[in-house]
């Protein structure tokens, strides 16, 4: 495209072509994310004689990143006659947004080496990059935090930097630092509250995430769609249907019920809470359904024993020509395994290689088939299947076989499966515990100092969740509960209740 034609199409005829007006045009045209428009604009600026303008070249760097031309961004950066903080920040933030975290952090270090002082966006981009640099993420993050503290002597820390630090510590699962930072923030905005809640949820502390929502509302911060999505996901991880329904009510009341992210979270929450009807309603309300949602419904029906519905959803995907991916097959195989449908399981396992675009079976798919065969008592067939795997069988395959050997009393095969397991991971306590049930390996467990982590279960009652550990006698009201259970048993109110030493299950049944 010629320079005159480019100007006629993209710039007003009255516009005076100087650095200021061209900089504004670059920002406007960058929103198109068009590689072709980027190259035409670059040529136009060169023909106008602005090829050495730091302001315009920096704007083009940002445009290059937005249209995915990372190579061009590097060339433009190299052509800069001098590099100011804006140019360095463009490289740091651009690479971070594209997931090129190592390059992003590398540019941050080069910027410091060039004696250029970072601004709030430089810090924010580098902190974003920290979450993707692997095992050194937290160490890098702390280095940036130290640099932030050093720079704070010349002025207060920008909220953007505070939020970046908080998000970094949460993503690095360093909640102790995140809590301290969150508590020290002079102003806690919506982003900070969301980051902290997301951090709790990511670290398996879903109850703390929900508690923080209450503090957030009392603090006077209004939740957004992302806040509700986090909290609904927290309810899903706790299988807390009552709190999930309350959040659903708030979502509708505040006008977020049409948000696709929230609908996905609601679908997942109802599915994990076993509310298939509600999950189905939300699924059918969605205007568009990607393979992830279809797979979620297959998994929902499979886990609740509705195998015919799981198969129906899978076949609907086929009819609508929605591609099955490896996760979809994992969901249907798992459903078949839980239902004990061996023939159907073999059908879907073989179907993977018959797909138009072949889906490669991974260790998880083979593990599902082993589990299916073992659950059905076909132990020898399961062993043959394990031996024919195209890769080295994993712990899950041998563990499934070992568990089933104990259930079906096949000691000889169980000992063989155990020997394979203990070669792979001699310190994995669950394998020793299963094997010890044969009565032959208990002494070896003592020699290895292997202890099984106590099992636990929980039940939602009123406004709280009560957690019980196996054979835990430290519960203050244990005597009252067991006495009441004795009364119920003697009065035949629970005629089929089997009294065992597992207080966890008994208490859970009583409270429920």
For region 192-219 and region 24-42, compute the distance between their C-alpha centroids and round to whole Å.
40
Between the alpha carbon centres of region 316-358 and region 223-265 the gap in Å comes to 30
What area, in nm² and to one decimal, does the C-alpha convex hull of region 188-285 cast on average over all directions?
5.6
Projected area, mean over directions - region 245-380, Cα convex hull, nm²
8.6
Expressed in nanometres to one decimal, the distance between label points 7 Å along Cα→Cβ at residue 362 and residue 203 is 2.7
Residues residue 55 and residue 260, FRET efficiency given R0 of 35 Å [Cβ-Cβ distance, rounded to 0.05]:
0.35
Evaluate the distance, in nm, between pseudo-label points positioned 7 Å from the Cα of residue 34 and of residue 249 along their respective Cα→Cβ axes.
5.1
Order of 230, 26 from fewest to most other C-beta atoms within 10 Å?
26, 230
Computed lengthening from residue 180 to residue 319, 0.36 nm per intervening residue step minus Cα-Cα distance
44.7 nm
As a test of the definition: which semi-axes, in Å, follow for region 289-355 when you take the square root of five times each eigenvalue of its alpha carbon gyration tensor? Largest first, please.
16, 14, 9
Kirkwood-based Rg to Rh ratio, region 48-197, C-alpha trace
1.00
Relative packing of peptides 66-79, 296-309, 364-377 - highest average C-beta neighbours within 10 Å first
364-377, 296-309, 66-79
How do the peptides 280-288, 243-251 rank, highest first, by the average count of neighbouring beta carbon atoms within 10 Å per residue?
243-251, 280-288
Once you have a ≥ b ≥ c as the square roots of the Cα gyration tensor eigenvalues for region 27-119, tell me rounded if a/c is under 1.5, and otherwise prolate or oblate according to whether a/b is larger than b/c.
oblate
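Readers should treat all values here as calculations from the given coordinates under stated rules, not as data from a laboratory. Here the structure is a predicted model, which is why all the values come from computation and not from measurement. Positions of Cβ are generated from backbone atoms using ideal geometry, with glycine treated the same way; all protein chains shown enter the neighbour counts.
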